Amino acid sequence: EIASCLVGSEMCIRDRIYCYGDLLYLLVALKHSVTAKKPPSSTAEIAVDEPVMERTFLVLKLRPARLLAKNLPKIRQAISLYGGRVEQIGDDLLVTFDQANQLFQAVCSGLLTIELFSNANIQIKAALHQARDVKDTDAVEKARKHTSYLASMAEQSFLTSKQVAALLQTTDNKSDAEKYQLTNFHSTMTPDGEVYIITGLENQALIEAQALKLNDQA
């Protein structure tokens, strides 16, 4: 029995080491992507502790909704890796990001949640949108509602607005971990060119590894 206990403890410690390794890799990637910015051309352009003005919303709809409660702890754990604040509104999840690298974190959260259930009989409808000024309460509320509307149109996909797609497609100062794959979304519910599908990161390996680890722990 003692030997069995020791073996079990060793496996538990090993799992924790692997998990912490994933988190360390993530933190290094995030630090690199946040700090790897184009140097200013003069000292006058240097901003010290410049406040973040944007707020990014991610809406997740798990269907069938009756399975949300069972899977909510795993989803919360996934989103916590990227610093999102989760709020349950009815059968849906509203995730808010206010960090400096919030678009990257929100995209990774959405992709990771979808990847978690890629082999399950569960559908994830996800959408991403951003308010450009957190002080404009009307604009923030409008952005939140628009995110929910986009999610309602998604079918096992991850949608975003034209505004956010333009930001994601900007390649200046981005690391390899921040390059996104997008395609046009075609629907009778919205004009062409107004909505895009986020199909993944150019390097999806970390997302897949995190999903595998979280599913193994469940």
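The values are calculated or read from the model by the stated rules, or taken from the named source; none is laboratory data. No experiment lies behind these values; they were computed from the predicted model shown. Heads up, the Cβs are rebuilt from the backbone with ideal geometry, glycines too, and the neighbour counts pull from every protein chain shown. The accessibility values were calculated without ligands, DNA or RNA, using every heavy atom of the protein model including side chains. Shrake-Rupley method; radii C 1.70, N 1.55, O 1.52, S 1.80 Å.
Give the shape of region 67-218 as rounded, prolate or oblate, defined through the alpha-carbon gyration tensor: a ≥ b ≥ c are the square roots of its eigenvalues, a/c under 1.5 means rounded, and otherwise the shape is prolate if a/b is larger than b/c and oblate if not. Rounded, since a/c falls under 1.5.
Measuring nothing but how far apart in sequence close Cα pairs (under 8 Å, 6+ apart) lie, relative to its length, region 126-218 scores a relative contact order of 24 percent. Extension gain for GLN181-LYS145 works out to 10.5 nm (0.36 nm per residue, less the C-alpha to C-alpha distance). How big is D, in µm² s⁻¹, for region 124-167 by Stokes-Einstein at 37 °C and 0.692 mPa s if Rh is the Kirkwood radius over C-alpha pairs? Approximately 308 µm²/s, per Stokes-Einstein. Among THR96, THR113, GLN123, flag the residue with its Cα farthest along the positive direction of the charge dipole of region 94-144, charges on Cβ as +1 for Lys/Arg and -1 for Asp/Glu. The one lying farthest along the dipole's positive direction is GLN123. By the gyration tensor of its Cα atoms, with a ≥ b ≥ c the square roots of the eigenvalues, what is the shape of region 178-217: rounded for a/c under 1.5, prolate for a/b over b/c, or oblate? Cα axes put region 178-217 in the oblate bin.
Checked against a 25 Å cut-off, the cross-linked pairs LYS135/LYS174; LYS61/LYS213; LYS125/LYS213 give Cα-Cα distances beyond that limit for LYS135/LYS174. Probing with 1.4 Å while keeping every protein chain in the model, the per residue accessible area of region 124-202 equals 51 Å². Which of rounded, prolate or oblate describes region 88-140 when judged by the alpha-carbon gyration tensor and an a/c cut-off of 1.5? Here region 88-140 falls in the oblate category.
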